[in-house]
Amino acid sequence: MFTVYILYSEEYDKIYIGYTSNLEERFKSHNELGTKGWTIKYRPWKIIYTERFNTKKEAMRREKKLKGGQGRKWIRNTLLKG
C-alpha cells in the first residue's frame, strides 16, 4: 500500500504533497529527522489529508495531479478553508 499525503505548515502557510509506503516514518522525517530538503525550513508540519493506493504507479499519478494548479486550488479551497 502507498499513501499520498498532504502536509500543511500553519506558521508559514505552506503545503507539501508527497507519497510513501510508510507514512509514520516519512512524517517523522519531515518533522524531526530530516537534515536537508525543502520541508525542514517550514517545520512544524501537520498531516491534513491522506489517500491510500494499492500501487506505486497509482500513488504517483495522484501526487502529480495534486501538485498541479487545479490540485493546489482544491487543497486551498476545500481542505484549508473548511
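Throughout, read-outs are computed from the coordinates displayed, never taken from laboratory work. Every value quoted in this text rests on a predicted model; they were computed, and no experiment measured them. Reconstructed Cβ throughout: ideal geometry from the backbone, glycine too, with neighbour counts over all protein chains shown.
Working carefully through the options GLU25, GLU10, find the one that is closer than 18 Å to ASN77 by Cα and among the acidic types (Asp, Glu). Going through GLU25, GLU10 in turn, the sole match is GLU10.
Let's see how each residue does on (1) without any contact (Cβ under 8 Å) to a residue 60 or more places away in the chain; (2) surrounded by 18 or more Cβ atoms within 10 Å (Cβ to Cβ); (3) outside any strand (DSSP E or B):
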| site | (1), (2), (3) |
| --- | --- |
| ILE6 | no, yes, no |
| GLU25 | yes, no, yes |
| LYS28 | yes, no, yes |
| ASN31 | yes, no, yes |
| THR35 | yes, no, yes |
| ILE40 | yes, no, yes |
| TYR49 | yes, no, no |
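Of everything in the range 47-82 that is under 11 Å from the mean Cα position of the chain (by Cα) and hydroxyl-bearing (Ser, Thr, Tyr), the residue that is nearest to GLU24 (Cα to Cα) is THR50.
Every condition in (1) surrounded by 12 or more Cβ atoms within 10 Å (Cβ to Cβ); (2) over 13 Å from the mean Cα position of the chain (by Cα); (3) of a type in the set (A, V, I, L, M, F, W, C) is met by ILE15 except one, and the failing one is (2).
Among the residues of the range 24-82, those that are farther than 23 Å from ASP13 by Cβ and of a type outside the set (Lys, Arg) comprise GLU24, GLU25, LEU33, THR35, PHE53, ASN54, THR55, GLU58, ALA59, MET60.
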